[in-house]
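The values are calculated or read from the model by the stated rules, or taken from the named source; none is laboratory data. The structure displayed is predicted, hence computed values, not measured ones. We place every Cβ from the backbone using ideal geometry, glycine too, and count neighbours over all the protein chains shown.
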Amino acid sequence: MLVRALAFVAGLGGAAGVSQFPEYSQQYMQRLGGAVDELLRFMDDFDKDAVSLDLSRDAALVDLAQGGQMGAARADSMVRTIDRHARLSSDLADMQNLGPFSLARYATRFTDPELAGRVWENYKPAMPVTFEGIIFAVIGFLGGLALLSGLIYLLRLPFALFRRTSEL
């Protein structure tokens with residue numbers, strides 16, 4: 001009886017946790033879109049400055065890097081900004097038109113630590129009432145139930161083997 005109650009509680013825990021994926025992914029996507037837009041604005045400003053000096057982006061970065069320690073540091077941060085924009089834009093383009101079930105396959109792309117951290121800082125769990133949330137809750141329930149049941153089976157296994165050997 002106690003094992004069943006624990007398995008049920010583990011299932012409910014899994015349901016509560018996994019059912020949050022659609023909302024978390026939606027909030028991550030919103031922040032991702034905002035980050036891409038802001039990085040693009042920053043890069044556009046840099047490109048405008050470069051064009052006003054008749055320089056390409058690459059030439060402007062070289063020119064900036066040759067301007068002393070501050071210029072070199074600023075050039076490095078601009079290169080990181082350009083790289084981050086490219087990575088986040090690619091993630092956004094890949095995930096933008098996906099539904100919640102397809103998006104679950106891309107969960108490993110939710111890797112930007114700054115974005116993920118900000119989503120978690122402001123995230124408030126909610127009861128899923130959408131079809132997707134309910135399906136994720138069922139998957140979580142079954143996963144939690146299976147996980148605890150498997151753990152209990154593994155914990156009982158040595159005792160079952162001991163009983164069998166002592167019966168012989």
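Structure notes:
- Residue within the range 71-89 that is touching an Asp or Glu at 6+ places or on another chain (Cβ under 8 Å), outside any helix (DSSP H, G or I), in the same structural domain as ASP44 (by TED's automatic domain parsing) and of a type outside the set (S, T, N, Q) present: no
- Scanning the range 60-78 for residues that are more than 22 Å from GLU38 (Cα to Cα) and of a type in the set (A, V, I, L, M) yields VAL62, ALA65, MET70, ALA72.
Residue-by-condition table, conditions (1) basic (Lys, Arg); (2) over 25 Å from THR130 (Cα atoms); (3) modelled with pLDDT under 85; (4) touching a strand residue (DSSP E or B) at 6+ places or on another chain (Cβ under 6 Å):
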{"site": "GLU38", "(1), (2), (3), (4)": "no, yes, no, no"}
{"site": "ARG80", "(1), (2), (3), (4)": "yes, yes, no, no"}
{"site": "ASP83", "(1), (2), (3), (4)": "no, yes, no, no"}
{"site": "ALA104", "(1), (2), (3), (4)": "no, no, yes, no"}
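- No other residue among PRO128, PRO158 is at pLDDT below 85 and either closer than 26 Å to PHE46 by Cβ or surrounded by 11 or more Cβ atoms within 10 Å (Cβ to Cβ) (or both) apart from PRO128.
- Some residue of the range 63-79 being free of Cβ contacts under 8 Å to residues at least 24 places away in the same chain and under 20 Å from the mean Cα position of the chain (by Cα): no
- Residues (surrounded by fewer than 15 Cβ atoms within 10 Å (Cβ to Cβ) and outside any helix (DSSP H, G or I)) located in the range 55-68: SER56, GLN66, GLY67, GLY68
A quick yes/no check of all residues on (1) at pLDDT below 85; (2) surrounded by 14 or more Cβ atoms within 10 Å (Cβ to Cβ):
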{"site": "MET43", "(1), (2)": "no, yes"}
{"site": "LYS48", "(1), (2)": "no, no"}
{"site": "MET70", "(1), (2)": "yes, no"}
{"site": "ARG74", "(1), (2)": "no, yes"}
{"site": "PRO100", "(1), (2)": "yes, yes"}
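- Within the range 90-108, the set of residues being out of contact with any helix residue (DSSP H, G or I) (no Cβ under 8 Å at 6 or more places or on another chain) and in a helix (DSSP H, G or I) comprises SER90, ALA93, SER102, ARG105, THR108.
- Within the range 43-57, residues that are closer than 19 Å to HIS85 by Cβ reach partners that are acidic (Asp, Glu) with beta carbons closer than 6 Å, at six or more positions or on different chains, in the pairs ARG57/ASP47.
- So ASP37, is it under 29 Å from GLY99 (Cα atoms), assigned by TED's automatic domain parsing to the domain that holds ALA107 and surrounded by fewer than 17 Cβ atoms within 10 Å (Cβ to Cβ): yes
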